[in-house]
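Contents: one structure, followed by commentary.
The values are calculated or read from the model by the stated rules, or taken from the named source; none is laboratory data. Treat the numbers as computed from the prediction; the structure is a model and nothing was measured. Counting neighbours? That spans all protein chains shown, and the Cβs are built from the backbone with ideal geometry, glycine included. Accessible surface is based on the protein model in full, side chains and every heavy atom, while ligands, DNA and RNA are left aside. Shrake-Rupley method; radii C 1.70, N 1.55, O 1.52, S 1.80 Å.
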Amino acid sequence: MSEPRAQPRRDRRPPKAASGDASLRELIENAPDGVFIADLEGRYVDVNAAGCRIFGHPRERIIGRTIMDFIPPEDVARLFAIREGLLRGGDNVAEWTIRREDGTLTPVEVSDTILSDGRWVGFVRDIGRRQELEQDVLRGAEQLRAERNFVDAILDTAATLILVLDREARLVRFNKACETVTGLSQTELIGSTRWFDLIPAEELDGVERATARLRGGESFVEHVNHWRHRDGSLRLIRWRNTLIKDAQGEVSFLIGTGIDITDQVRAEDESRLHLEEASRLQRLQTANELATMLAHQLNQPLAAIATYAGAGQQLLAHAAPDLPKVAATLERISEQALRAGAVIRHLRAFVGRGRAEPGPMDLNAVVQEACGLLAPQARSSGVSLALDLAASLPPVRGVDVYVEQVLLNLLTNAIEAMQGDAGGGGTVLVTTGEIEGKALVTVRDSGPGIDAATAARLFEPFFTRKAHGLGVGLPICRSLIEAQGGRLWPEVHAPGAILHFTLPFTS
Amino acid sequence: MTPTVFVVDDDEALRSALVQLLESAGFAVASYADGLAFLEDCVDDRPGCVLLDVAMPGLSGLEVQEALRGRGLRAPIVFLTGHGDIPMAVRAVQAGAVDFLEKPVTGAALLERVRRALAIDQEQRSERALRQEITARHRRLSAREREVMRLVASGSSSKEIARVLGISVRTVEAHRVHVMHKMGASNLAELVSLAGRCDPG
């Protein structure tokens, strides 16, 4: 408590020493609190070093003056009232404001008593520091409250679900978003583990596993589960959870932040179904166009079979049938039957209904199959189909039926683009390769090409350059490729249209 | 001259099957992979018939038919069609094709149609020869005889003819005898028939 500058004063004797033993005198002189002795008029007769320090006046400026010289005028009445009380016996503790020599005011707590010999003794303690501390505490509490309000406002404004649990999984915080999703209020659940009832029974294991991973040391864990609304409906929530630990490393809270993805997942489901449906419709449409072509393709081997059979009958009708020739004819028949079977297989693979699941696929094989399917059409249009396939292409991940559909679309477009030319003819070149870590397929024709204006409109629904055609092909193609994690884009190039698409590798 | 069956089909398997069938049935066959090759080869009026695929790259069956007719070649055409090409086949028949066969077709049916087409060709050829003969005889008649023949063929009696031409019935009768003789007709019905087959001019 003692200050260095008070040190020299300690040795200095007060001008008017009180009677009594020297050690007591020294004790008073060195007391941390101020000790004032006044007469019944309030005139100071003695003061210790601490008193001088608190009052901010040297001893000689205190002794001989009265208490009224140091307190504000408005406190004088109170002083007299207290003095009355003291004269009747007892003591008083009160707070006063002292005007120091430099004019500043300092708060003090004074414990007064009037001794039987008529000395008025006051023990004075500087409470400025204490008041400051008190105010600090008040300010701190205020700040804390403001911060809590601020945090509350943030938690309750956030669209994110925020859930805070203590180490026993009891609910500590359940923000507005949580209340909205469940139809329950924080007050109904706070302090209990009843919030578990929100989770459908069959998903509890998953939630437990996620929590166990957190306790196992992962810094955050993501999982998805449903919460049941008070009205019984289910909402799908994607959670990202973390633990807060105290200084000792013990878990103090679990914080979960969740996003209600019900609508998003539903919209994704719907758009995927929509795409599947659009793709199926387009496949049917394409299949219709193919059907005519395939009927012709199928008729050729069937006609050949019937004709060879007729030739065989002719051979056998001879008196001495040429049996090796008959055998050769039967061989022809079997070849043509296989040829017809291949045509049917192509068609069935193409219109095969059912959820097309993505899987590893040999892109080169799919390209070859699509080209095989369109080879007769290309030939009858006088178009030559050329392939330049990458020698070792890793398997790609996708739905082969979709990829074949996209290829058929691009190839048909290419073949038809060149039919517009006088005289027909032309070449379609299909290449496979690799770009930016993905498999790349490029279809280029020797038709008029694609200018910038056309490229910009190419994917608009119902945009078509064909005399007939629905123009639904390319937008669906692009959606199909994007749904498989790839990209489809035209190259502005003339003459000769160039379209590329990519697909991810399986790894 | 033995008739030839001309086979025009772009499908190699079907083409060789047709060739084998026809040859084993004893026909002379010439086959072509497309219409142009056929037209290049077929410049003279050889007896025979044509088995023609409707849908082919390059010249279609109908275009080949048109080109043949443009050259005055009248070989009967049997079209082979896929089952989607019926309207095209109908147009082909309207344009004078003798028949069309929808693929696939049995060997027997095909041979039967080919025989019929060849018979038609045969018939058409003898008919053409006959017309040439009749026309030649007709040219040998005098102007008055041709006039008498025209009126007789249109059903006029000798009396009516005499009045129209301003000659005696007896003279008309004499012309009629000459006409019958020169044209090689043994009765009135035959003469009427011959008059219908005279090429004009």
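Can you tell me how many residues in the stretch B:23-45 are under 16 Å from residue B:57 (Cβ atoms) and open to solvent by 30 Å² or more (accessible area, probe 1.4 Å)?
The total comes to 4.
State the number of residues belonging to the stretch A:69-96 that are over 19 Å from residue A:35 (Cβ atoms) and either of a type in the set (Val, Ile, Thr) or in contact with a helix residue (DSSP H, G or I) (Cβ under 6 Å, 6 or more places away or on another chain) (or both). Adding up the residues that qualify gives 1. Summed over the stretch A:86-135, residues that are open to solvent by less than 30 Å² (accessible area, probe 1.4 Å) and either assigned to a loop (DSSP other than H, G, I, E, B) or farther than 21 Å from residue A:66 by Cβ (or both) total 3.
Would the stretch B:46-53 turn up any residue that is within 12 Å of chain A (Cβ to nearest Cβ) and within 21 Å of residue A:303 (Cβ to Cβ)?
If we filter the stretch B:46-53 for residues that are within 12 Å of chain A (Cβ to nearest Cβ), which is where we start, we get B:51, B:53.
Checking the rest, the ones that are also within 21 Å of residue A:303 (Cβ to Cβ) come to B:51, B:53.
Looking for residues that are within 12 Å of chain A (Cβ to nearest Cβ) and within 21 Å of residue A:303 (Cβ to Cβ), one finds at least one in the stretch B:46-53, hence yes.
For the stretch A:365-422, what are the residues that are buried (at least 17 other Cβ atoms within 10 Å of the Cβ) and among the acidic types (Asp, Glu)? If the condition is that a residue be buried (at least 17 other Cβ atoms within 10 Å of the Cβ) and among the acidic types (Asp, Glu), then A:369, A:400, A:404, A:416 are the ones that fit. Inspection of the stretch A:77-92 finds no residue satisfying the criterion of being under 19 Å from residue A:129 (Cα atoms) and at pLDDT 85 or above. Out of the residues in the stretch A:147-164 that are touching a helix residue (DSSP H, G or I) at 6+ places or on another chain (Cβ under 8 Å) and of a type outside the set (S, T, N, Q), state the one that is most open to solvent (accessible area, probe 1.4 Å). Checked the stretch A:147-164; the qualifying residue most open to solvent (accessible area, probe 1.4 Å) is A:159. When A:339, A:283 are screened for being within 25 Å of residue A:403 (Cα to Cα), surrounded by 15 or more Cβ atoms within 10 Å (Cβ to Cβ) and at the interface with another protein chain (Cβ under 9 Å from one of its Cβ atoms), only A:339 passes. Within the stretch A:364-421, being of a type in the set (S, T, N, Q) and at pLDDT 90 or above holds for one residue alone: A:364.
For residue B:25, the requirement of being within 25 Å of residue A:335 (Cβ to Cβ), of a type in the set (A, V, I, L, M, F, W, C) and within 14 Å of chain A (Cβ to nearest Cβ) is met.
For the stretch B:72-87, filtered to residues that are touching a helix residue (DSSP H, G or I) at 6+ places or on another chain (Cβ under 8 Å) and more than 14 Å from chain A (Cβ to nearest Cβ), the residue that is most open to solvent (accessible area, probe 1.4 Å) is B:74.
Could you tell me which residue of the stretch A:365-409 is farthest from the other protein chains (Cβ to nearest Cβ), considering only residues that are among the small types (Gly, Ala, Ser) and closer than 24 Å to residue A:479 by Cα?
Checked the stretch A:365-409; the qualifying residue farthest from the other protein chains (Cβ to nearest Cβ) is A:398.
Pairing each residue of the stretch A:88-111 that is in contact (Cβ under 8 Å) with a residue 60 or more places away in the chain with any residue that is in a loop (DSSP other than H, G, I, E, B), provided the two are 6+ apart or on different chains, yields C-beta distances under 9 Å for A:108/A:127.
Listed here are the residues, each with its yes/no results for (1) in a helix (DSSP H, G or I); (2) surrounded by fewer than 16 Cβ atoms within 10 Å (Cβ to Cβ).
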| residue | (1), (2) |
| --- | --- |
| A:180 | yes, yes |
| A:184 | no, no |
| A:205 | yes, yes |
| A:214 | yes, no |
| A:223 | no, no |
| A:230 | no, yes |
| A:240 | no, yes |
| A:243 | no, no |
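Being surrounded by fewer than 17 Cβ atoms within 10 Å (Cβ to Cβ), among the polar types (S, T, N, Q) and modelled with pLDDT under 90 is a condition met by at least one residue of the stretch B:89-98. Please enumerate the residues belonging to the stretch A:345-363 that are modelled with pLDDT under 75 and either outside any helix (DSSP H, G or I) or surrounded by 13 or more Cβ atoms within 10 Å (Cβ to Cβ) (or both). Across the stretch A:345-363, the qualifying residues are A:346, A:347, A:349, A:350, A:351, A:352, A:353, A:354, A:355, A:356, A:357.
When the stretch B:99-144 is filtered for residues that are surrounded by 12 or more Cβ atoms within 10 Å (Cβ to Cβ), in a helix (DSSP H, G or I) and among the hydroxyl-bearing types (Ser, Thr, Tyr), only B:135 remains.
In the stretch B:176-201, which residue that is part of a helix (DSSP H, G or I) and open to solvent by less than 40 Å² (accessible area, probe 1.4 Å) is nearest to residue B:127 (Cα to Cα)?
B:194
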